[in-house]
Structures are given as structure tokens and as C-alpha cells.
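Just so it is clear, none of the values below were taken in a lab; they were calculated from the coordinates. Since we're looking at a predicted model, the values are computed, not measured. Reconstructed Cβ throughout: ideal geometry from the backbone, glycine too, with neighbour counts over all protein chains shown.
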Amino acid sequence: MQKSVLLAGVAAIGMMAASLSAQANDELVQMQQNKSDWVMPLGNYSSTRYSELDQINKDNVKDLRVAWTFSTGVLRGHEGGPLVIGDTMYVHTPFPNIVYALDLNDNGRIIWKYEPKQDPDTIPVMCCDTVNRGVAYGNGMIFLHQADTTLVALDAKTGEVKWTAVNGDPKKGETGTSAPMVIKDKVLIGISGGEFGVQGHLSAYNISDGKLAWRGYSTGPDDQTLMDPEKTTHLGQPVGKDSGTATWEGDQWKIGGGTTWGWMSYDPELNLVYYGTGNPSTWNPVQRPGDNRWSMTIFARDADTGMAKWVYQMTPHDEWDFDGVNEMILADKEIGGQQRKVLVHFDRNGFGYTLDRVTGELLVAEKFDPAVNWATEVDKTTGRPKVVDQFSTHHQGEDVNTTGICPAALGTKDQQPAAYSPKSGLFYVPTNHVCMDYEPFAVSYTAGQPYVGATLSMYPAPGGDHLGNFIAWDAAEGKIVWSNPEPFSVWSGALATAGDVVFYGTLEGYLKAVDAADGKELYSFKTPSGIIGNVNTYEHGGKQYVAVLSGVGGWAGIGLAAGLTEDTAGLGAVGAYKALSSYTNLGGQLTVFTLP
Amino acid sequence: MLKDLRQRWAVLGVAAMTLVALASAHGQDQKDGQAAPEAAEKPYLIKDGKVDFGTYNGYRRYEAYCLRCHGPDGAGSSYAPALVESLKRLDHEQFTDVVVNGRKNVSTSQQSVMPAFGYAEDVMLNLEDIYAYLKARSDGEVGRGRPARLPKEQDPVYKERQES
């Protein structure tokens, strides 16, 4: 009797779980289609950062004006951007990771504010400023991924804490900066700490109770990487047994990095979640021989079980800190006369990749900045870059300063997400135009202490008088369509709209609108601080709004606050070293624009 | 600018003792704000614009352990102070204290936390070199970017370390 009651109970819970799963899944798949809202950091599961809204268009965008503003009360670097769901906007901040719910019916009145208490000792183990890339919505809850790796579920209406889960240990250098993503009945988060010898992973928690559902490591034996030696493939070939340890020396994979601090995308039909892994630790390649799998890798995992379906390692045995964590944009494209479900990825290493997202087949890999010189090309069959010895920091060796490498460690593009307009068929990409000298040297590992092992200096790319470009990219051909030079790296996420306008922010603080077809500047407004946040748009009360967070900082705040140095190779142009600090100052502010 | 090498090593000796003193008698009151006698000495060696191995190594180590907050070449970032400026105020003892024990300045408007590097072997082993580099930067003797190195045969510090 007791047993059957128990069984019935289990069955009931099972049914509840199943219905909840379907509910949450359908909810977000539906919600992302509502053009009035902005329900996830990158706009939708395909991470296109594209909006169907067209009230603001290329003819009237010149009349844009500020509707209202909001101070976040925090001064550090503000990455990411707000969510809009119905009448409420959710704004997050860097450490201490405050979340505000603002009432759009009442000029952004604060409905609730959540401020976690976190140990300040987390601050110095965050690599490059205390950034946070945003919150996620799902099933009536707002999910916050705190700096100390705590994942919090908040009631979206009241801000009340529903549950918390701890994803890592800051004492070992594990921190949280990335935005969560809700898929069906789970919320997925990554982990940061590639400069501290963290073993990176993607982890899924049940949205009902915060229990860990699965965790897939980037390195390690198959039971940790969640790989099937026969069924998981790399460019069509089975990865083989324990591929996550086979290309590491000894136990180095345990402190091997491959952190997951970037963005995720999701294809509901294939039920696959896509994301990239970061640099192998340490930055000294000589100290870790081998390909260091699966750092620097695009992963496609089953969203329910975490099992890896396919992987593609872009930069085997990294020698430059070219983390592979940038966003994966999902689109349908005709490539070589064949209609394909593709994944487009602009990597730090300077190559724009187009892959078949069903199979992981590599279709296109071309440089999206002509300055890129560390590799001549990517071999489509093996997937390997053809590395130039002159710029190989391993080939040059420890204690040797390898000069003139393009791009610099911050990549041709960092985490700032690109946009894709299905209307124009083009990708709009914020980029860096910076090169470096890089000298690796021997380091020892101490838990919770920096595990870097390289010195680098950065400077403008040869011949240029600018540090960034905002480009339009054809992902089928692998070609730049147009390119706008910017004085500084473009560190803001782009937005494309059906109004044929593309928006982005600049480090001096300008919000810019350009023509989607040719890049012509149509509007610009200088906000109080440099923009490293992502632009979004929504509709409220019949009006279209554009919103962006200002607040200079992050990696951009490190390299550029004081200006870059003259390069040792004598390649850079004088005039590009002006300090960013003479253009802008700290300050977290949301600026919301609309038409008069 | 070129200092007697023995003086330099004497400085390092004092520094090493300071470290030991800090480690063993942590919490003991320091002469607050008063420049320690060794501050008058130069911990670096520069000849024809070229630096000794220690200062050069200090540059490398600085860029590895400190750059992510304090910016390239000690020039500061959007959220951590320019050490080129700080070392005009901090003497060697105070500098060592902050690196070994860390420092917190957390308020509603600021979240500045310097971690304690006392247990970070690579930082502690290279602390004097990092100090020498930053002091040279702070004194205006070394500019932005990678400093030029003295040729090995002209670098007494390099020779000394090769021998030891």
C-alpha cells in the first residue's frame, strides 16, 4: 500500500515535472517571438539581437531623443543589458550585482531592488573588472548569476528569493560573470576563472528547486566532459575515449581552464545548446604541451542531458589567449547553393566561422579583420589554423618576446555580441583593431592565485590610427561588406532592427545608429560614460524604445583607461594612444531613447 | 643613476628582512607615513636607458600578476590606482605590506580590494623585482612599454643571479 502511494507520488511529481518542463519551454519559445519584449540578453534563443520593431527607422532615427534615464548606483564596468517583460524592465549591475525591477508605466519607478551580500574577497579574483552580463527570465522568475558564483532565483513580481545554488568557489578563483539561459525546466550557467587555473564547465540547475541537473566540464575524462567516445564528433570524426585528458600532459587538465564565461544559444528543434570554451591555463603554452582539448572549443550539447553531440576546437594549443567564448548566432543560410541551418561565430582569434549546426561541419572560416596575422588560414578538413612560426609564442619559446601579433589577447572581437538581420542577411560585428607583443614564462600553480605566465603589451594595428571597427559581414562568403573605423575598440553589443537601422555603443560613450545597408551614421548621442553594454529595443504603450547601459570598465577599462603604448615593433601609428580617460569617466547609467 | 651593486644588494637584504619581520611580527605598528631609510636608495640599475635583469624581470612579472587591475605599465585602470603615482607616496615597507597582506576599501561608492599575495609563491619570489620596476617607473626613469635590457655582459645583476 505504502509502496503504491509512493509510486503514485513519484509518478505525480514526474508528470508535474514534465508539464513544468513543457510549460517553461513553450513559454520562452513563445515569448521570444513577441517583438514588444526583450526576454533574454541576446534577444532570442538564436542570439540574433534582431528586433522586428520598425517604428524607429533609417529615415526618422535622426530625431531620436532621450526619454528617461536611470542611475544604477554602481561605478564599475557595465556589460550586458536590461530585459523587458511586459510592463517591467529588469536592470542588473556589476558587483555587488544589484537587480532592479523598473515600472515602465511610471517612468522607471523602482518596483523592487535585490542586493546580495557577497564577500568582497571575490573582487580581486575576477579577471578583468567585476562585470556581469545580465539576468535571465523563466517561469515567473529572474535568475541572477552572482560574482561569487551563487545562482539566485528571484520572484519576478516581488524580488523575493525562491532558492539559491552555489556553482563554484571564489577561493579557487572560480567566479561568475556570464548571463544564465533558461531552457525548458533548467537554468544553465557557465563559470569564469581562466586566469586562475579553473576547470571550466557548463552547469544546468532545475528551475523548480535549484538542484544540479548536469554538469559538463570542458576538460577531463568522458564522465566529466559528458562525451561519448563513439557518438560525440569533432568535424565528423568520433572524439575517442577520454579526449578531454588525452591531449594534456599528466593531470594538467584539472587546472586546464576552458572556462565558459561567454554566451549560450539554443535550437529548440534540435534541442541543442551551443557555447564556447575559453583559454587553456596557463598563458604559457610551453608549459602545457598538446592540443589542450577541449579549451577554445565550440560545444553542442543536448539541453536535457548535457551530452556533447559535437565539438569543434578552433585554436588547438592556444598561444595567445584567444578564448572561444563569444556568442554563437543561429541562422538559416544558403551556403554554396545549399540551404543550411548554420551557426555563425566571430572568434577572438580573428576568424569568422560558419558551421552546420546540426552536424558541426565547418563551412566557412575567414578573417574578419585583415590585420589578423597569427595564422594564414584555417584548413577546412582538419579544422586547424595554419600558424605562422614568427607569431607562434610557443615556437619562439619561453622568455622570448614575440612581437607584432595580430590580434592582441583581447581578440579581434571579445564578448560584445554581434547582431544578425534576416532582412539584410548581414551580421553586424563590433571589433577590436589591436595587436600585441607576448612573452611566455614559467609559472607555478597556487589555488586562488593568478596562473598567467605571460607578459603582453598592446598597441594599435599596423598603419591604423584607430583601435576598433564596426563591420558588416557576409557569413556565406566570409567577407567584410562594409567597415566603419572607430577611435577605440567597439566593446558594446550591437542591435539590428526591421527599421533598417543598426545600433551600437562606443567606449567614449556614444550611442550610434547606422544604416544597415552601408553603415552610414544616422544618429549619435553621448551618454555620461563609456558603453560596454549591449543595446536593446522594446515597445511600450505603442512606442518603440532603445535602451543601453553606460559604465566604462572591463578589459576595455584596463587597456585603454591610460591609453596604449607605442609598440616595440614600430608598427603602430602615432595619434592612437590618446587615453580613454580624457573622453569619459566612470558611472553606471541606463539611457532610454525614443522618437518625439 | 648607476648605483653601486653592493648598495643594491644591501637594499634587497633590508627588504628581505622587512618581509621576514612582516611575516613574523604582523600587526606591529609601523612608522606611519615616514619614509624608511632605504627609500632613498635606488633598487634598480639603469645605464644608457637600459635596465638590469631584475628591473626587466619586474616588468614581466608586473604585467603577469598586476596588469589585470592596475593597467599596463603601472598606469592604472578604470578601477585600480596607477601604481606609478602610488609609489611616489608609498615607501618600500608600505608597498610590501600591501602586496603581502592585501587591502580593502569597500563602501557604497567603491569596491576596491587588493588581494593578499603573501601565499602566492611567484609573486613573493619576484616582489623585489616588481618593486624595482615600479619604482623606476615612478621615478620617471623608465617609460611606458617594455624596457630595454642591458646586454648580459654589462649587467652585474644578471651575472650575480647566474652565479647564485
When B:ARG103, A:ARG65, B:ARG68 are arranged by how many other beta-carbons sit within 10 Å of their Cβ, fewest first, they go A:ARG65, B:ARG103, B:ARG68
Per the rule of 0.36 nm per residue minus the C-alpha distance, extending A:MET307 to A:GLU477 adds in nm 58.0 nm
Quick calc, A:ASP223 & A:GLN338: beta-carbon distance into FRET formula, R0 35 Å, rounding 0.05, result 0.40
Length gained, A:VAL388-A:SER582, 0.36 nm per residue minus C-alpha separation, equals 66.1 nm
Here, trypsin sites (Lys or Arg not before Pro) of region A:200-282 satisfying both criteria (DSSP loop; at most 15 other Cβ within 10 Å) are A:LYS211, A:LYS231, A:LYS241
Taking a crude spin-label model, label points 7 Å out from Cα along the C-beta direction, the A:THR381 to A:LYS543 distance in nm is 6.1 nm
Two pseudo-spin positions, 7 Å from Cα along C-beta at A:ASP251 and at A:ALA442, lie apart in nanometres by 2.0 nm
XL table A:LYS58/A:LYS526; A:LYS211/A:LYS231; A:LYS380/A:LYS479; A:LYS35/A:LYS113; Cα-Cα > 22 Å flagged, in table order, is A:LYS211/A:LYS231; A:LYS35/A:LYS113
Expected sort for A:LEU595, A:LEU272, A:LEU188 with the fewest Cβ neighbours (10 Å cutoff) up front is A:LEU595, A:LEU272, A:LEU188
Isolated cysteines for the protein assembly as shown, Cβ-Cβ cutoff 4.7 Å, are B:CYS66, B:CYS69
Partner aspartates and glutamates whose C-alpha sits under 20 Å from that of A:LYS333, ignoring same-chain residues fewer than 8 away, are A:GLU52, A:ASP267, A:GLU269, A:ASP347, A:ASP356, A:GLU361, A:GLU366, A:ASP474, A:GLU477, A:ASP500
Fewest to most Cβ atoms within 10 Å: A:LEU154, A:LEU522, A:LEU343, A:LEU467 sort as A:LEU522, A:LEU154, A:LEU343, A:LEU467
Applying the gyration tensor rule to the Cα atoms of chain A (axes a ≥ b ≥ c; rounded if a/c under 1.5, else prolate if a/b exceeds b/c, else oblate), the class is rounded
With 0.36 nm assigned to each residue of separation and the Cα-Cα distance removed, A:SER71 to A:VAL166 gains 31.3 nm
For the pair B:GLN110 and A:ASP356, the simple spin-label estimate (label points 7 Å beyond Cα toward Cβ) gives in nm 5.8 nm
Averaged over the residues of A:447-456, the number of partner chain Cβ atoms within 10 Å of each residue's own Cβ comes to 5
Nearest-0.05 FRET efficiency for A:ASP103 and B:ARG89 at R0 = 51 Å, using Cβ-Cβ distance, is 0.60
In debye to the nearest 20, the charge dipole size for chain A, taken about the Cα centre with +1 at each Lys and Arg Cβ and -1 at each Asp and Glu Cβ, equals 980 debye
Restricting to Cα pairs under 8 Å and 6 or more apart, the percent relative contact order of chain A works out to 15 percent
